[in-house]
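The values are calculated or read from the model by the stated rules, or taken from the named source; none is laboratory data. Worth saying up front: this structure is predicted, and the values here are computed from it rather than measured. No Cβ is skipped: glycine too gets one built from the backbone with ideal geometry, and neighbour counts run over all protein chains shown. Just so you know, the surface numbers come from the protein's heavy atoms only, side chains and all, with ligands and any DNA or RNA stripped out. Shrake-Rupley method; radii C 1.70, N 1.55, O 1.52, S 1.80 Å.
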Amino acid sequence: MKLLENTALRKAFSHIYIEEAAAAHPRTKAILAHFPNAARIPIADYKNVFNRPRQATPLQKKAPSLILALGKPPYLYEGAPVCQSFGEEHFFYTSCVRNCPYDCEYCYLQGMYPSGDIVIFVNLEDTLAAVEKALSEHPLYLCISYDTDLLALDNLTGFLAEWFALAAKYPSLTLELRTKNASIATLAKLPVLPNVILAVTMSPDEVIRRYEHRTPALSERIALAKAALTDGRPVRLCFDPMIAVPDFRTSYGQMFQTIFTALPPEKLRDISVGSFRISVDYLKRMRRNRPCAVTMYPYTLTDGVYHYDEQLLSDMLSFARETLHTYIPSSKIFYWEEQL
């Protein structure tokens, strides 16, 4: 079985590190079965590999190693201020996988984690139990794919079937599955549920070509969203982060036109819009490890968050607002800048 339909990780996972405490877990054995020729290296703690200093993240992203470990509490985290909350009171995210199989130059994970390797916490049942405990106290809006792309990795982990089963059991649980993946076949295996939102990140082809390495093309992402809408799934389109490429109005304007020619706006659950922003500590690490046009841009710093200057922010937001409002009601559009 291929790990990714586009074979992006064909050369990956030649080395698999296995926490001793995770070695006997059934999911560990199932994942290892995908890679019979990989070198298997026992370790006492995943942090000994994942958190070690002076790692070359850009090189690791070309062919990452895999780390299988047991996750530990806390299993749920409150949503960060740089994230869209969509007006949800109990807004949380979880991290059953750390790091993404894709390689986007602007990705905050390169500032958050010191490694380009991928960690899978095989004890998903403990995370699910923590969610059930939280649901006994209040409803929960939970983002399950912030620190990775679970749809892209589902042929390997099989996690999504269990997440969807939990959502089917608890109507008070709303899941957001964020993705740049375009596997219609993988999605089709999962039930259609009103409380699981497929949030597809859309980017202009210029941004994909420049910065979103190994990710599917815009046309493929549109095809995934169209298939999901046809199935009756709740679909969110995420124009977030918007990147200030030269003549962004042309790049994003053409993208908006292409998308809303292909997709029926009235069937969309909502839309998320936000410009690139990142915490000061994350950007410092990214500039050191991966200097590029996005990381080295002269951003403005406000309350510990780097963002575009006020004029550019205003220009991008005004353009998005004026264009998107011709396709979809304003009540269905959430702007991150309005949370400032």
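Tabulated results
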read-out	value
MRE, 222 nm, helices only [DSSP H, n ≥ 4, -39500 (n - 2.57), over the chain, to nearest 500]	-10000 deg cm²/dmol
Only Lys, Arg (+1) and Asp, Glu (-1) charged, at Cβ; region 244-309 dipole about Cα centre in debye	360 debye
List Lys189, Lys332, Lys47, ordered by accessible area with a 1.4 Å probe, largest first	Lys189, Lys47, Lys332
Point-to-point label distance, Thr258-Ile41, nm (Cα→Cβ direction, 7 Å offset)	4.0 nm
11 Å beta-carbon shell around Pro234, net charge (K/R +1, D/E -1)	+1
Sequence-distant lysines (8 or more away, or on other chains) whose Cα lies within less than 22 Å of Lys189	Lys2, Lys169, Lys180, Lys226, Lys267
Lys72 accessible area, assembled protein chains, probe 1.4 Å, Å²	130 Å²
Farthest positive-ward along region 97-175 dipole, Cα basis, beta-carbon charges - from Thr127, Leu151, Val97	Thr127
Whole-angstrom gap from region 238-297 to region 125-167, using each part's C-alpha centre	26 Å
Matching label, Rg and Dmax of the Cα atoms in Å computed from the structure shown, candidates [x] 18.1, 51; [y] 19.5, 56; [z] 22.9, 71	[y]
Built amide H within the under 5 Å cut-off of Asp103, gap 5+	His213, Thr215
Ser318 paired with Ala223, simple spin-label distance in nm, labels 7 Å along Cα-to-beta-carbon	3.9 nm
Size of charge dipole - region 102-208 - debye, nearest 20, with Cβ of Lys, Arg +1 and Asp, Glu -1, no other charges	380 debye
Antiparallel content of DSSP bridges confined to the chain, in %, to 5	25 percent
Charge dipole (debye, nearest 20) of the chain; +1 at Cβ of Lys and Arg, -1 at Cβ of Asp and Glu	1220 debye
Neighbourhood charge, 13 Å Cβ-Cβ cut-off, centred on Thr201 and excluding it, Lys, Arg +1 and Asp, Glu -1	-1
Segment Ser330-Met296, extension gain: residue separation times 0.36 nm, minus the distance between their alpha carbons	8.9 nm
Computed lengthening from Tyr77 to Ala188, 0.36 nm per intervening residue step minus Cα-Cα distance	37.0 nm
